[in-house]
Amino acid sequence: MNTPVDPLKDPAPGVSRRSAIKMLAVGSLGAAVGVGATALVARLDRSQAPRYYFFTADEAAPLVALCEQLIPADDAPGATEAGVINYIDRQLLGPLSRHQGRYRSGLASLQRTSLRLYQTAFEKLGNAQQTVLVTLVEQGGCPGELWGEPTQKAFFNLVLDHTRQGFYGSPRHGGNRDYASYRMMGLAYPNLVGQNRYREAQG
Amino acid sequence: MAKPRVNAVVVGAGAGGGIVAKELAEAGLSVVFLERGDWPRYDRHNDDELVSQRTPVLGNPYGPDDARYRRVVENPDGSPSIVLPSEGAYSNNAGCVGGGTVSYGAMAWRYMPQDFRMRSTYGAVEGSTLEDWPVSYEDLEPYYEKAEYEVGVAGDYSDNPFGGPRKKPFPMPAFPYNKEGKRVVEATRRMGLHPFPIPMLRNSVPYNGRPACIHMRSCVGFACPVDAKSGSQNTVIPRALATGNCEVRTGCVVAEVRVDDRGRARGVRYFDSEGRGWEQESDLVIVSASATETARLLLNSKSKLFPNGAGNTHDWVGRNLQGHGYVGAFGIAEDEVYEEAGPGATVAFCDFNHGNAGLVGGGLLANEFIALPYTFCEVRPPGEPRWGKAHKDFQRQNYKRVIRLYGPIQEIPNFSARVTVDPTVKDAWGIPVCRLSGTRHPYDQKLGEFMSGKAERVLQEMGAIRTWRGRLGLGLSGGQHQAGTCRMGNDPTTSVTNRYGQVHDIDNLFIADGSLHVSNGGFNPVLTIMAMAYWVSGHIVSGWKGSAFR
Amino acid sequence: MSPGGQKKLALAGALYVAGFLVSAAVGSLGYFHFGRPDRTCASCHEMTGAHAAWSGSVHSTLHCRECHGGSLTLDAHALRAHVNRVVRHFTRTPDEVIRLKEDDVLRLQASCQRCHPQSAADWKASGHASTYARFFLDETHNRKERMAADCLRCHGMFFDGDIEDLVSTVSTAGPWSLKNPAKAGEPAIPCLACHQVHAPASDGRSALLYVRREKASFPLAVLPAVPLMHGNSTVRLSPDPRQRLCVQCHAPEASRQVGTSDDRTPIGVHEGLSCLDCHRGHSNSARASCASCHPGSSHCGIDVEKMDTTFLSATSRHNVHRVSCEDCHGGVRPAKR
């Protein structure tokens, strides 16, 4: 690689004082432009951390509420605090990508149903009303014309299964923050694993 | 492209193939061992319940993968659905060196003498192809023993009056009962039953250079972090390699067995891990790819003399697909019975495997392996809420109190439960995939009812404050215990191979896996697959010495 | 203009352009090197988690570059890592969770040592500073017990690979060598095994456990307090949460009987003490430990350091972790004086 020319330290032979001053000016300008542009670009690209990679904010809101209905917080964390939605969001862009369409369509149907029955978005309903609506969805009791593919029962079962996965699976997939569900069930993680034979092997 | 000719090609490095490769290599044959998967590595997936071979909701840790494999399942209305290996209906076993033995629960059962004589014992069953095996328990006894010693089994049959006669004790002492197991023992003894420790392909003491079990909670469905579980990948396959006569080629998918115009297998055509196609010529071909994949390979191996696939002259390849209906009962104990020592299953009894008045066959009952939290979500009495606070409360109140007494029932073979190859759907290598169709025999449900009733009785005797029974659906059986699709028999018109696993009409083509099973016993099948592999290998080696295959 | 003049002008122009570009580059890199993290690297979303943790940590007074290197730090390894990360950001293939490779973990040790020289020196003299060679090339051990993936749970928890990638033969037959000989001298239990630089300062405890299976550090607050048994009775455990960290590797068998496998949880007269009551944090030395309680709370009024225990001699039959009154009084407890 060529050594970059530093005009301050190493003026080319025969370059006059005036040239050196010009060089200095150009250099300073360059540095200023560099800093300024970078700061500007950094500011422009200052992407607000998107909370979700797959879901839009409008989809995430009812899903968060639905998952929290399925596994609500009490003295132990619920689905939201355990990061269940984070799990589903990540897996829908990975191994569970075949379910993307079902989520898009099912969440829209859920929202339509809530608006039709209560004139309110699902996530804005009170806890009791949410519970009633989720029970209806589970049993297939909502107006059928509001649901296409997946059916309300199928959608419920899908979300329930994924909520359980996110709540009880390993945190490495985005849910079960700090193994909260294991602690709730009295299961040690990381578990103590001894090796039976160490001392004998030493001898 | 062609590879240098060898004496034998073995397809599939699971329970059966590992033993065949080792026996042949030790007898001096040059062996190429083709395995579609890779060597298993614990570190890649370790204790992750969602990437476990039992709950592969995010993928199978030990193969096959969702990206390149698929199958077609025929729905009850005849319409086809494409399924992925991570979905239950795929009926997956595994795809790696060691196959299912890497991640199994490792119960090491010998079938009982009656299991080989089902037709003579019980007569014909309507709508079933129930038949006697062309080999007997006595034929297999020395090979069971060899499997127990070479692969490694811990057990003790002194309290089991129902096992067939055995010449030698187990090579390792049995594992002790856990807290739950002790209670099962007390209750069953009071009831006049005969509990005993489950024989396990798992080291209770250091054995054959591998350490003793450290009792991981995450055992069944996972590899062992200290290699205390005996599988073919850490026993017979290393021994095969140590002879210098055997080469394992991983990532190799076999497309067909080449059969020439004279009706002899010439070798196989396969794709290597880079997707390049190869011809591997050999004197012998042994297929041990599991009941579904072995049938698929034979059906995909069309030739002039056998246009419907190798061994399929009489349309028996792929028929009689069986697995095990798992059935039993659940009970909630008054206090905590959970003990932090995996894998959890310690005690079994065989009082109901045979001799059940008015019934054909039966099955063992055992306390179950530890269910991890996600799996436990499905352990619920009928009518119990599935979500909300009630779900959480059940999880925390009952996780350590639920006892499951479960077992595999001997299924009644059904000719229409079958593997075919799909006419249109292909895998990533362009090979037609398995198409699964049919249902289990309705008789299985009757037997299931009986067994779950017996299990529930024991749980009540144990003082469970609440009990409920599991139920068996009619859905197609298969999965990890898949068997029966290349039945062995003495009549070439009603079987695929002879009593030595040699395909009728193709003298140098053998099968050595659960496909051979005429019926699948009321037991986990792996030790029988291993014993059969020794049996088949013994026949090959003695024939080889007489130059029968050259 | 003469050809020479034109040439000279072109040269001068090129020089100015080059000077401008170089200065701009230096300016830009300088901005990244010295700028506030949330205005530079941590403005990308994949960095925000690590940044948020750091902001609340005891190390929040240190700039990222002090440990990770900055854009002007002359460190090929760090620069390559930074460039990779930028590329992955703009090609939309960022890591879901940013993790350090073992290389990074070992490089960080030097930064730790700059500010914590005493702790580093203590650690260096302790068993926890043992190297890969010490753990994996011990012939006596290897001959008796086969290596396994699980070794890496406590020894080499950051190792990037499987046990088969580390050691030439995973069998009791040997011969054994490290596949990468450079690993021989590297510590297998580095600072980050029990510390996390970005850990919250709030509870004043800097210890965490790195869990290889999860590739994550677990704070003391979530480490399980696993009950241990001595025969049929439950052992009284110290409430000190740091104890839970030690016992993860110095662990009992699945029976959870105290003293099995490598468990050293004290029973007998020392029941209820924390490891850290006697062992110093980094050196693990217990040399000066007796005096903190004895003779004040001694029942015997004698010099416990001179008693026949493993404190005095490693070969003593009386393990100081389990020593009880009966060890000296032959099964008969003397009446209290």
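The values are calculated or read from the model by the stated rules, or taken from the named source; none is laboratory data. All of these numbers come straight from a predicted model, not from anything done at the bench. Using ideal geometry, Cβ is built from the backbone for each residue, glycine included, and neighbour counts are taken over all protein chains shown. Side chains are part of the model used for accessible areas, which takes the heavy atoms of the whole protein and leaves out ligands, DNA and RNA. Shrake-Rupley method; radii C 1.70, N 1.55, O 1.52, S 1.80 Å.
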Hey, residue B:128 hits all of (1) open to solvent by 20 Å² or more (accessible area, probe 1.4 Å); (2) over 22 Å from residue B:439 (Cβ atoms); (3) of a type in the set (S, T, N, Q) but one; which does it fall short on?
(2)
Checking residue C:95 against (1) surrounded by fewer than 15 Cβ atoms within 10 Å (Cβ to Cβ); (2) assigned to a loop (DSSP other than H, G, I, E, B); (3) away from chain A (no Cβ under 14 Å); (4) touching a residue at least 24 places away in the same chain (Cβ under 8 Å), the condition it does not meet:
(3)
Might you check whether a residue that is buried (at least 24 other Cβ atoms within 10 Å of the Cβ) and more than 30 Å from residue B:537 (Cα to Cα) occurs anywhere in the stretch B:18-33?
no
Has the stretch B:176-196 got at least one residue that is under 22 Å from the mean Cα position of the chain (by Cα) and either among the basic types (Lys, Arg) or open to solvent by 10 Å² or more (accessible area, probe 1.4 Å) (or both)?
no
Matching residues, the stretch B:166-191, being outside any helix (DSSP H, G or I) and basic (Lys, Arg):
B:166, B:167, B:168
In the stretch A:106-132, the residues that are among the hydrophobic types (A, V, I, L, M, F, W, C) and not in a loop (DSSP other than H, G, I, E, B):
A:107, A:108, A:110, A:115, A:117, A:122, A:128, A:132
For residue C:192, state whether it is away from chain A (no Cβ under 12 Å), open to solvent by less than 50 Å² (accessible area, probe 1.4 Å), of a type outside the set (Phe, Trp, Tyr) and not in a loop (DSSP other than H, G, I, E, B).
yes
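I want to confirm something. Restricting to the stretch B:282-310 and keeping residues that are open to solvent by 50 Å² or more (accessible area, probe 1.4 Å) and over 29 Å from the mean Cα position of the chain (by Cα), which single residue is nearest to residue B:424 (Cα to Cα)?
Of everything passing the filter in the stretch B:282-310, B:307 is nearest to residue B:424 (Cα to Cα).
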Which is open to solvent by less than 10 Å² (accessible area, probe 1.4 Å) and among the charged types (D, E, K, R), of B:505, B:444?
B:444
Every listed condition ((1) modelled with pLDDT under 95; (2) within 13 Å of residue B:172 (Cα to Cα)) holds for residue B:200 save (1)
Pairs with Cβ under 6 Å, 6+ apart, first in the stretch B:463-489 and over 30 Å from residue B:134 (Cα atoms), second open to solvent by less than 20 Å² (accessible area, probe 1.4 Å) and in a loop (DSSP other than H, G, I, E, B)
B:464/B:333; B:468/B:381
Residues of the stretch C:80-92 being part of a helix (DSSP H, G or I) and open to solvent by 60 Å² or more (accessible area, probe 1.4 Å), which ones?
C:80, C:82, C:83, C:84, C:85, C:86, C:87, C:88, C:90
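So that you can scan it fast, the table gives a plain yes or no per residue for (1) out of contact with any strand residue (DSSP E or B) (no Cβ under 7 Å at 6 or more places or on another chain); (2) touching a residue at least 60 places away in the same chain (Cβ under 8 Å); (3) open to solvent by less than 20 Å² (accessible area, probe 1.4 Å); (4) assigned to a loop (DSSP other than H, G, I, E, B):
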residue	(1), (2), (3), (4)
B:337	no, yes, yes, yes
B:360	yes, yes, yes, yes
B:366	no, yes, yes, no
B:378	yes, no, no, yes
B:385	yes, no, no, yes
B:393	yes, no, no, no
Looking only at the stretch C:46-67, and only at residues there that are within 22 Å of residue C:92 (Cβ to Cβ) and in contact (Cβ under 8 Å) with a residue 12 or more places away in the chain, the one that is least open to solvent (accessible area, probe 1.4 Å):
C:46
Do you know which residues across the stretch C:15-60 are part of a helix (DSSP H, G or I) and touching a strand residue (DSSP E or B) at 6+ places or on another chain (Cβ under 9 Å)?
C:53
Within the group A:172, A:177, which residue is open to solvent by 30 Å² or more (accessible area, probe 1.4 Å), within 14 Å of chain C (Cβ to nearest Cβ) and touching a helix residue (DSSP H, G or I) at 6+ places or on another chain (Cβ under 7 Å)?
A:177
Applying the selection to the stretch A:67-84, what residues are under 21 Å from residue A:138 (Cβ atoms) and open to solvent by 10 Å² or more (accessible area, probe 1.4 Å)?
A:68, A:69, A:72, A:73, A:74, A:80
Residues satisfying the stated conditions in the stretch C:1-21, i.e. facing chain A (nearest Cβ under 9 Å) and out of contact with any Gly (no Cβ under 7 Å at 6 or more places or on another chain)
C:11, C:12, C:15, C:16, C:17, C:18
Among what's in the stretch A:130-162 and is polar (S, T, N, Q) and more than 14 Å from every other protein chain (Cβ to nearest Cβ), pick the residue that is most open to solvent (accessible area, probe 1.4 Å).
A:151
May I ask you to verify whether residue B:54 is surrounded by fewer than 22 Cβ atoms within 10 Å (Cβ to Cβ), in contact (Cβ under 8 Å) with a residue 24 or more places away in the chain and under 20 Å from residue A:165 (Cα atoms)?
yes
Go through the residues of the stretch B:314-333 one by one and say whether even a single one is within 14 Å of chain A (Cβ to nearest Cβ), within 26 Å of residue B:462 (Cα to Cα) and in contact with a strand residue (DSSP E or B) (Cβ under 8 Å, 6 or more places away or on another chain).
no
Are there any pairs with C-beta distances below 6 angstrom linking a residue in the stretch C:244-260 that is of a type outside the set (S, T, N, Q) to a residue that is in a helix (DSSP H, G or I), with the two at least 6 apart or on different chains, and if so which?
C:246/C:275
Scan of the stretch B:27-39 for residues that are more than 10 Å from chain C (Cβ to nearest Cβ) and either assigned to a helix (DSSP H, G or I) or on the phi < 0 side of the Ramachandran plot (or both), ordered by number:
B:27, B:29, B:30, B:31, B:32, B:33, B:34, B:35, B:36, B:37, B:38
Residue list for the stretch C:30-43, filter: open to solvent by 40 Å² or more (accessible area, probe 1.4 Å) and facing chain A (nearest Cβ under 8 Å)
C:31, C:32, C:39
Assess whether residue A:103 counts as being modelled with pLDDT of 75 or more and assigned to a loop (DSSP other than H, G, I, E, B).
no
Suppose we filter the stretch B:446-479 for residues that are in a helix (DSSP H, G or I), among the polar types (S, T, N, Q) and at pLDDT below 95; how many remain?
0
